[in-house]
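S.K.: I have a structure here, written as structure tokens, and I will follow up with some questions on it.
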Amino acid sequence: MSAPRLAFLAADTEPAQKGLAELSSSYPSAPAEEAEIIVPLGGDGFMLETLHRFLSQKVAIFGMHRGSVGFLMNEYRRERLLERLAAAQPVTLHPLEMTAFDEKGERYRALAFNEVSLLRESRQAAKLKVSIDGTVRIEELMADGILLSTPVGSTAYNLSAHGPIIPLGAGILALTPITPFRPRRWRGALLRHEATVLIEAFERDKRPVSAVADFTEVRDVASVEIRENRSIAMTLLFDPEFNLEERVIKEQFQS
């Protein structure tokens, strides 16, 4: 079998750029638009940028860690890359799709592979109403915000907000409040991945709210609808000895 066409990309950091030089001198590469496998070098932020950049191309991605956080990346090694790619295990990711309306009625759409979060913009807590599949579940949530997370994103901001870690393939999403004031004891909910979540903001003149899908932010939102977009699928490749599913399981036993 012939070797797959590879394209190497790197973050602007010195370690990533050094790795790019090493791999480019060791393996043939192609333009990113013609590649069969993209190899991004950096951290999880750069991986998210890569996923969004190649949405329409639907190319497989084998990331290597040359950044600060590398949960979605493989270990960086210059040697035996082609053998690693041949043995790599695929994971399919479906993003969340956010449809947000701001104060002026303008509509914004964005995708998120980690989470969609609503965050207060001022010193006062946000006042939010939460509906699931057309049914109001929380009439008034006073909090710094709320987020809806994918399984991959459940170990990121969701975990920092004390949300649950979700095993890959569980078919559920995590709805997690961020520093809730009322109802004080509500710690979130697990939802079917088919669920549609509607979050509405109230008293927006003194409690403005922003919505963030990965790194796309919409300010002064009035309402945000979130659902999983199953028509979009991106493939990540991982070394079998430390694949993504194993990482998610291990995270649940970290002290």
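The values are calculated or read from the model by the stated rules, or taken from the named source; none is laboratory data. As the structure is a computational prediction, the values presented were derived from the model and not from experiment. So basically every Cβ, Gly included, is an ideal-geometry build from the backbone, and we count neighbours across all protein chains shown.
S.K.: As an exercise: evaluate Pro40 against (1) in a loop (DSSP other than H, G, I, E, B); (2) in contact (Cβ under 8 Å) with a residue 24 or more places away in the chain and give the number of the one condition it does not meet.
M.R.: If we test Pro40 against (1) in a loop (DSSP other than H, G, I, E, B); (2) in contact (Cβ under 8 Å) with a residue 24 or more places away in the chain, just (1) comes out false.
S.K.: Checking Met47 against (1) assigned to a strand (DSSP E or B); (2) closer than 17 Å to Val152 by Cβ, which test does it fail?
M.R.: Exception for Met47: condition (1).
S.K.: Now for a different question. Taking segment 59-97 only, how many residues are part of a loop (DSSP other than H, G, I, E, B) and closer than 23 Å to His193 by Cα?
M.R.: Total satisfying the criteria: 4.
S.K.: Additional query: What residue, of Ala11, Ala100, Ala35, is assigned by TED's automatic domain parsing to the domain that holds Leu119 and out of contact with any Cys (no Cβ under 9 Å at 6 or more places or on another chain)? Before you say what the answer is, go through the steps one by one.
M.R.: On the way: Ala11 fails: assigned by TED's automatic domain parsing to the domain that holds Leu119; Ala35 fails: assigned by TED's automatic domain parsing to the domain that holds Leu119.
Only one candidate passes the filter, namely Ala100.
S.K.: Only one of (1) assigned by TED's automatic domain parsing to the domain that holds Ile38; (2) in a loop (DSSP other than H, G, I, E, B) is not met by Gly105, so which one is it?
M.R.: (1)
S.K.: Sticking with this one: Starting from segment 89-100, keep only residues that are over 26 Å from Ser223 (Cα atoms), then list their pairs with residues that are β-branched (Val, Ile, Thr) whose Cβ atoms are within a distance under 8 Å, requiring at least 6 positions of separation or different chains.
M.R.: If the second residue must be β-branched (Val, Ile, Thr), the pairs left are Pro90/Thr235; Val91/Thr235; Thr92/Thr235.
S.K.: Just one of (1) more than 25 Å from Ile172 (Cα to Cα); (2) β-branched (Val, Ile, Thr); (3) under 20 Å from the mean Cα position of the chain (by Cα) trips up Thr99, so point out which.
M.R.: Failed condition: (1).
S.K.: Which of the residues belonging to segment 114-124 are hydrophobic (A, V, I, L, M, F, W, C) and buried (at least 20 other Cβ atoms within 10 Å of the Cβ)?
M.R.: Across segment 114-124, the qualifying residues are Val116, Leu118.
S.K.: What number goes with the only condition from (1) part of a loop (DSSP other than H, G, I, E, B); (2) under 30 Å from Leu96 (Cβ atoms); (3) not polar (S, T, N, Q) that Glu33 does not pass?
M.R.: Condition not satisfied by Glu33: (1).
S.K.: So which residues in segment 236-255 are surrounded by 15 or more Cβ atoms within 10 Å (Cβ to Cβ) and over 18 Å from Ser154 (Cα atoms)?
M.R.: Leu237, Phe238, Asp239 - these are the residues of segment 236-255 that are surrounded by 15 or more Cβ atoms within 10 Å (Cβ to Cβ) and over 18 Å from Ser154 (Cα atoms).
S.K.: Consider only pairs whose beta carbons are under 6 Å apart and that are at least six residues apart or on different chains; among these, list those whose first residue lies in segment 166-194 and is more than 17 Å from Gly145 (Cα to Cα) and whose second residue is modelled with pLDDT under 90 and not acidic (Asp, Glu).
M.R.: These pairs meet every condition: Pro167/Val248; Leu168/Val248.
S.K.: Those residues that are closer than 15 Å to Asp205 by Cβ and in a strand (DSSP E or B), I need them from segment 108-127; list them, please. First the steps, then the outcome.
M.R.: Here is the first cut: in segment 108-127, the residues closer than 15 Å to Asp205 by Cβ are 120-127.
Arg120, Ala126, Lys127, listed by residue number.
S.K.: For segment 121-143, check the following and say yes or no: at least one residue is modelled with pLDDT of 95 or more, among the basic types (Lys, Arg), under 22 Å from Ala233 (Cβ atoms) and in contact with a Leu (Cβ under 8 Å, 6 or more places away or on another chain).
M.R.: no
S.K.: Being free of Cβ contacts under 8 Å to residues at least 60 places away in the same chain and farther than 26 Å from Met47 by Cα is the requirement here; does Arg207 meet it?
M.R.: So Arg207 does not fit the description; no.
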